[in-house]
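Participant: Here it is, the structure in full.
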Amino acid sequence: MFSPFLHWLNKCHGHLNRNHAAPGFSGLIAFLLILWQLQTPRHSVDLGCTASSAPLASSSGHSEHAHERVLGIPKHVFVPGLAMVFNLFIMMGGGIALKFFPLFYHQEYGLSDMAVCWIMAGYWVSTALGSYTAAFLSRIARRPVLVMGTQVIGASLMFLFVLTQPLFWNLTIFEFRPIVQNAHMALNTALTMEYALPQHRGKWASLGSLNRATFAGSAVVGGVLTDEYSFRVAFAVTGCILMCALVIYSPMLLIVRHA
């Protein structure tokens, strides 16, 4: 069943060999094969979803928070709505920066295209590890506390990334930050599923598509900032947006006390 795929790889390898790029391509293929082996089997437990699986157990009934209110607004609307606005700001800030990380390393440090590809591959692996981090942390503290804590660390690392010049330390911060920064995704999803009415959980989940649209649109702002100023200015703006998201999310510490 894999013969067409292997034939395509051999064809690409031969083409790149004629262009003296075979070593880098072979290394990339080895990396992809390692990731393939590390994928979670279907029959095993998905640790990344552990934090959000519990609230769905009662999806056939009514939310236990259906009659609670905050400033006259039902909690089953206020909590998912606040989490969605928070995610919107996070995606807005991420869109300004993420598209320009490869160009940043290529132009400011003079790294090759293959080196930049490896750097970004490490970034996405770290992003995936953020879900596992959330599953582990959700056992030791309330979700809003964890979201605030990880985002404070993530925003601080973004500003530190902007100020750090040596390539080694800059890369260290770059690869570590997604593990902390992206842990909020699973935590907020679990929080939304717990507080939303069972019949409205699908609607709240579908609103997450707005985050992706914001992510794509904010890249335009990042392009303007990099053209008019510099990459580091655009990344600093991202850090400021992340701090604004923290201020918006802070009431969740008082509203949600047992999740």
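Participant: Please name all residue pairs, on different chains or six or more residues apart, with Cβ atoms under 6 Å, provided the first residue is in region 91-106 and is in the same structural domain as Leu225 (by TED's automatic domain parsing) and in a helix (DSSP H, G or I) and the second residue is modelled with pLDDT under 90 and not small (Gly, Ala, Ser).
Facilitator: Met91/Asn211; Met91/Thr214; Met91/Phe215; Met92/Thr214; Gly95/Phe215; Ile96/Val221
Participant: If you go through region 100-111 one residue at a time, do you hit one that is hydrophobic (A, V, I, L, M, F, W, C) and modelled with pLDDT under 90?
Facilitator: The initial filter retains those residues of region 100-111 that are hydrophobic (A, V, I, L, M, F, W, C), namely 100-101, 103-104, 111.
Cutting the leftovers down to modelled with pLDDT under 90 gives us none.
Scanning region 100-111 turns up no residue that is hydrophobic (A, V, I, L, M, F, W, C) and modelled with pLDDT under 90.
Participant: Residues that are over 22 Å from Leu103 (Cβ atoms) and in the same structural domain as Ile96 (by TED's automatic domain parsing): does region 216-236 have at least one?
Facilitator: Within region 216-236 (the criterion being over 22 Å from Leu103 (Cβ atoms) and in the same structural domain as Ile96 (by TED's automatic domain parsing)), the answer is no, since none of the residues qualifies.
Participant: For region 185-207, which positions are crowded, with 20+ Cβ neighbours inside 10 Å and in contact with a Gly (Cβ under 8 Å, 6 or more places away or on another chain)?
Facilitator: Answer for region 185-207, where residues must be crowded, with 20+ Cβ neighbours inside 10 Å and in contact with a Gly (Cβ under 8 Å, 6 or more places away or on another chain): Met185, Ala186.
The values are calculated or read from the model by the stated rules, or taken from the named source; none is laboratory data. Keep in mind that this is a model prediction, so the values were computed, not measured. Because the Cβ atoms are built from the backbone with ideal geometry, glycine has one as well, and the counts that use them run over all protein chains shown.
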